[in-house]
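Scroll down for the structure; my scribbles are underneath it.
The values are calculated or read from the model by the stated rules, or taken from the named source; none is laboratory data. Just so we're clear, the structure is a prediction, and the values are computed from it rather than from any experiment. Positions of Cβ are generated from backbone atoms using ideal geometry, with glycine treated the same way; all protein chains shown enter the neighbour counts. To get the accessible areas, we keep the full protein, side chains included, count just its heavy atoms, and leave off ligands, DNA and RNA. Shrake-Rupley method; radii C 1.70, N 1.55, O 1.52, S 1.80 Å.
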Amino acid sequence: MSDNPRIVPIQIEEQLKKAYMEYSMSVIVSRALPDVRDGLKPSQRRIIYAMHELNLKPGGHYRKCAKIAGDTSGNYHPHGEQVVYPTLVRLAQPWNMRYPLINGQGNFGSIDGDPPAAMRYTEARLQKITMDLLQDLEKDTVDFRSNYDETRKEPEIFPTRIPNLLVNGSTGIAVGMATNMAPHNISEICDAVVALIDNPELQPLDLLEYVQGPDFPTGGYIVGKTPIHEYFETGRGKLKVRGKADIEEKKNGDEFIVISEIPYMVNKTNLIEKIAELVKIKKIEGISDIRDESGRQGMRLVIKVKRNADASIVLNKLYKYTQLQNTFSVINLCLVDGVPQILDMKSMINEFIRFRHGVIIRRAQYELRNAEDRLHLLEGFRIALDNIDEVIATIRASKTTPEANENLRAKFGFSERQAKAILEMRLQRLTGMERDKIEAEYNEILEKIAGLKELLASRELQMNLIKEETMQVKEKYNDQRVTQIVVDTGDLSIEDLIPEEDVVVTISHKGYIKRQSVDSYRSQGRGGRGLKGSKLKDEDFIVSIFMASTHDYILFFTNFGQCYWLKVYEIPDGSRQSRGKAIINLLPLREGEKIEAFVSAKNLNQEDKYIIMSTKNGLVKKTALNKFSNPRSTGIIAIKLIEGDELIEALITNGNDDIILATSHGYCNRFNEEQVRAVGRNSQGVKGISLRNDDEVVSMVVTDPETTDSLLSISENGFGKRTDLSSYITKNRGTKGVITLKTSTRNGKLVSLMKVNDDDDLMIVTKNGMIIRQHVCEINTIGRNTQGVTLINLKNKDKVFDITVIPTNNNEVDVIETKDGDSGKEKE
């Protein structure tokens, strides 16, 4: 190691890392990324400021772009005129800028990709909208810094009234990061600014009420709203943009595809060349000619379709294989307080509001200082005019101007500035008219100072001023959207793509669930053997079967008293023989947790609906349906269960229904639900039926008190019957009930009780997975205290486990099978 103190040993890795980081931040902050406040990169800001210094105002004279580029490069941006000029050109191109900031004269290129003329041939001046970026620049609204050689001062930012970053967007590639921000309609953005000031609690997606989405200068379409929602919420999204193309048919039958708008940042010449190439290699067939008829009236790209081709198919292929449909990836990366950040829509607007708030305060402070300075001079003038003879005598008695200044200050108490202003005052100010002007100005300044102080003391007034100036911007530059937003089929939710139909949902003891079409179960006669319904594992059996619409919600109630949500279409569709999918893969069930009851509903926000739950020990609980309208991934508490009790059923009621509880020993109790007070989710419930020894509740029915339907009872050995509901007298909650089906060795225990009518179909499921469907009208209606008839023939010690009711489908094919097993032929 050298002893030379000028040689400092360093680690090469650390030095490279440090140097690269410094270079990266220099590129990010000083060149590539826009500032969230005025939406400009340093090079763009310096070009505009150089033009401002050259007094190139809208409506004024143009100057050569060579002069503008030279001044920008020489005074502020020392990277060469050849770097500055392309930036200047882009700021003037209406197909790149939604609201161009520079008014160019001469050849500034074209959407075909033609390059601009050399800077010595082109001229430019500022646009009207650019002056709103520079408004109040001279009022100490922003900080200035030294230029690269410290010979001049340049603004760090413009005090813009225009949300320029949002209305014009920005693109840039830095080191390790890039920005690609979409332009928007200025009227919509102004409305969003005002709305967010009025209600700071608005969420990013709430702003969609004011801002429909990007508004590209080249028009066209944005296909689908989901990507717009994504970048509103996250600052990132992939937009599908599509050119505007119409199919025109001539009188002779010829068809033409006319493209009048193309996607943003797509080169028209390249698009034509790509179409021609695809036609040549026969990837797109049906095109006989391509003509570019664009002119002063706008873009018109005409594609002639062959007589034997379908123009719609050709157009769809153009969308698929060319940039007529393109992707615009939104990355809202910009500098916030000098740090690169990706912002959502709300944050970007909030940053602009925060910046404008600071500008307004600094402007008010500047104007207050100037007003107070002017008031100070006017106060001196008023004193001098009131004592004009003495003032003149004092001045005449003085030998020199400094002596006169000193004598005036000593005699009248003037300040240095007041005395100097009085000495410089012209004699014409002594006339009566001039005296009145001074007095009027004095009063005007007093009012202005009072207004400025009031403004500086009130945040509400400051916010109102931001809103007022924002609406002035909207009125000045108000225009219509040029980009339309259309629905994409890929933008639809899964539910929109699934037809609404009734399906049968089955759940097995081992926790497998599936759905299948109702039509997959053909109707059979009473006493038939049924069809194989599920291919189940050993010792598994069906525990529940019910019918729902594919668009319904299913609320799953578990033995832990929890409730979970699923849409019916989220349940896998299976064949009659398939086992289905494990519920644990669809719901976040905990260890030992299993499904005990189910409720299906299309709308969970119905205030006049309730869920009635019943337990094995005879308790019932009533809770408003809307208490279950906010799904959570981890589920919610539905009922508080005491030890040894289980939830056996949950059904929806309208607040005035009758409840019927049935027990395994064949008893049931009917009472009106008004006897059960609605309670919250985390409660136990009240007694619905008093149980006899070793008895338990197995079923619950909800029915209209005025209904003429019947109750169907079925036992575990396949015996069942129908009984008129009128046979069940409404009693008080908590009584022991009456017999609904005689239980015996022949019948076995009662399995289920269900309300039916003659138009229904009945589906019976057994533990071994056998399923039979039959018409309810085939089952005789008999009294309560009877045993019933055979509804399904069981074998191999099989048992009935559950039943469900299905509305009749008149178009289905019935398989008629006699009780003795003789099969009839199929008939409509």
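Among the criteria (1) in contact with an Asp or Glu (Cβ under 9 Å, 6 or more places away or on another chain); (2) outside any helix (DSSP H, G or I); (3) open to solvent by less than 30 Å² (accessible area, probe 1.4 Å); (4) not aliphatic (A, V, I, L, M), the one Phe328 does not fulfil is (1).
Inspect the stretch 357-367 for any residue being among the hydroxyl-bearing types (Ser, Thr, Tyr) and either in contact with a His (Cβ under 7 Å, 6 or more places away or on another chain) or closer than 30 Å to Asp246 by Cα (or both) and give the result as yes or no. Scanning the stretch 357-367 turns up no residue that is among the hydroxyl-bearing types (Ser, Thr, Tyr) and either in contact with a His (Cβ under 7 Å, 6 or more places away or on another chain) or closer than 30 Å to Asp246 by Cα (or both). Among the residues of the stretch 153-165, which ones are closer than 13 Å to Ile353 by Cα and open to solvent by 10 Å² or more (accessible area, probe 1.4 Å)? If the condition is that a residue be closer than 13 Å to Ile353 by Cα and open to solvent by 10 Å² or more (accessible area, probe 1.4 Å), then Arg161 is the only one that fits. Of the strands (runs of 3 or more DSSP E) entirely within the stretch 497-562, those holding at least 1 residues that are open to solvent by 10 Å² or more (accessible area, probe 1.4 Å), at pLDDT 65 or above and in contact with a Ser or Thr (Cβ under 7 Å, 6 or more places away or on another chain) occupy 502-508, 542-549, 553-558. Taking every residue in the stretch 302-313 that is on the phi > 0 side of the Ramachandran plot and pairing it with any residue that is open to solvent by less than 60 Å² (accessible area, probe 1.4 Å) and not β-branched (Val, Ile, Thr), at least 6 positions away or on another chain, yields no pair with a Cβ-Cβ distance below 6 Å.
Assess whether Lys282 counts as being open to solvent by 50 Å² or more (accessible area, probe 1.4 Å), at pLDDT below 90 and over 23 Å from Gly220 (Cα atoms). Yes, satisfied. The set of residues from the stretch 175-201 being in contact with a helix residue (DSSP H, G or I) (Cβ under 7 Å, 6 or more places away or on another chain), surrounded by 19 or more Cβ atoms within 10 Å (Cβ to Cβ) and either part of a loop (DSSP other than H, G, I, E, B) or without any contact (Cβ under 8 Å) to a residue 12 or more places away in the chain (or both) comprises Pro183, His184. Cβ-Cβ distances below 9 Å connect the following pairs, each with a first residue in the stretch 270-292 that is basic (Lys, Arg), a second residue that is open to solvent by 50 Å² or more (accessible area, probe 1.4 Å) and in a helix (DSSP H, G or I), and a separation of six or more residues or different chains: Lys274/Tyr321; Lys283/Glu277; Lys283/Lys317; Lys283/Tyr321. Hey, does the stretch 676-686 have a residue that's open to solvent by 60 Å² or more (accessible area, probe 1.4 Å) and either part of a strand (DSSP E or B) or closer than 23 Å to Ser727 by Cβ (or both)? Scanning the stretch 676-686 turns up no residue that is open to solvent by 60 Å² or more (accessible area, probe 1.4 Å) and either part of a strand (DSSP E or B) or closer than 23 Å to Ser727 by Cβ (or both).
The set of residues in the stretch 237-278 that are in contact with a Ser or Thr (Cβ under 9 Å, 6 or more places away or on another chain), within 14 Å of Lys304 (Cα to Cα) and open to solvent by 10 Å² or more (accessible area, probe 1.4 Å) comprises Ala245, Asp246, Ile247.
For Val679, the test of being closer than 19 Å to Thr735 by Cβ and out of contact with any Gly (no Cβ under 7 Å at 6 or more places or on another chain) is failed. Determine which member of the set Glu475, Glu447 is free of Cβ contacts under 8 Å to residues at least 12 places away in the same chain, under 30 Å from Ile222 (Cα atoms) and of a type in the set (D, E, K, R). Of the residues listed, the single one that is free of Cβ contacts under 8 Å to residues at least 12 places away in the same chain, under 30 Å from Ile222 (Cα atoms) and of a type in the set (D, E, K, R) is Glu475.
Which of the following residues is among the aliphatic types (A, V, I, L, M) and over 30 Å from Asp694 (Cβ atoms): Ile611, Ile584?
Details: Ile611 fails: over 30 Å from Asp694 (Cβ atoms).
That would be Ile584, the only listed residue that is among the aliphatic types (A, V, I, L, M) and over 30 Å from Asp694 (Cβ atoms).
Considering only the stretch 207-226, state which residues are open to solvent by 20 Å² or more (accessible area, probe 1.4 Å), in contact (Cβ under 8 Å) with a residue 60 or more places away in the chain and under 14 Å from the mean Cα position of the chain (by Cα). Scanning the stretch 207-226 gives Gln212, Lys225, Thr226.
Residues of the stretch 348-363 being under 26 Å from the mean Cα position of the chain (by Cα) and open to solvent by less than 40 Å² (accessible area, probe 1.4 Å), which ones?
Scanning the stretch 348-363 gives Met348, Ile349, Glu351, Phe352, Ile353, Phe355.
For the stretch 739-780, the candidate set comprises residues that are touching a Cys at 6+ places or on another chain (Cβ under 7 Å) and open to solvent by less than 40 Å² (accessible area, probe 1.4 Å); within that set, the residue that is nearest to Asp704 (Cα to Cα) is Leu753.
Checking Glu441, Glu403, Glu434 one by one, the residue that is open to solvent by less than 60 Å² (accessible area, probe 1.4 Å) and over 16 Å from Leu375 (Cβ atoms) is Glu434 and no other.
Listed conditions (1) under 20 Å from Gln516 (Cα atoms); (2) assigned to a helix (DSSP H, G or I) are all met by Leu587, apart from (2).
For every residue, the table says whether it meets (1) free of Cβ contacts under 8 Å to residues at least 24 places away in the same chain; (2) among the aliphatic types (A, V, I, L, M).
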| position | (1), (2) |
| --- | --- |
| Gly338 | no, no |
| Arg362 | no, no |
| Arg369 | yes, no |
| Glu379 | no, no |
| Arg382 | no, no |
| Ala397 | yes, yes |
| Arg417 | no, no |
| Ala421 | no, yes |
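Within the stretch 689-710, identify whether any single residue is open to solvent by 50 Å² or more (accessible area, probe 1.4 Å), in contact (Cβ under 8 Å) with a residue 60 or more places away in the chain and in a strand (DSSP E or B), and answer yes or no. Before the answer, list the steps.
To start, the set of residues in the stretch 689-710 that are open to solvent by 50 Å² or more (accessible area, probe 1.4 Å) comprises 691-694, 696, 704, 706, 708.
So of that shortlist, the ones also in contact (Cβ under 8 Å) with a residue 60 or more places away in the chain come out as 691, 696.
With the extra rule that they be in a strand (DSSP E or B), the set shrinks to none.
The answer is no; no qualifying residue exists.
Per the listing Tyr366, Tyr321, the residue uniquely open to solvent by 40 Å² or more (accessible area, probe 1.4 Å) and either within 30 Å of Ile284 (Cα to Cα) or of a type in the set (Gly, Ala, Ser) (or both) is Tyr321. Report, by residue number, each residue of the stretch 636-663 that is outside any strand (DSSP E or B), touching a strand residue (DSSP E or B) at 6+ places or on another chain (Cβ under 8 Å) and open to solvent by 10 Å² or more (accessible area, probe 1.4 Å). The answer is Leu641, Asp645, Glu646, Asn654, Gly655, Asn656, Asp657.
Of all residue pairs spaced 6 or more apart or on separate chains, those with beta-carbon atoms under 6 Å, a first member in the stretch 598-624 that is open to solvent by 50 Å² or more (accessible area, probe 1.4 Å) and a second member that is among the basic types (Lys, Arg) are Tyr610/Lys622.
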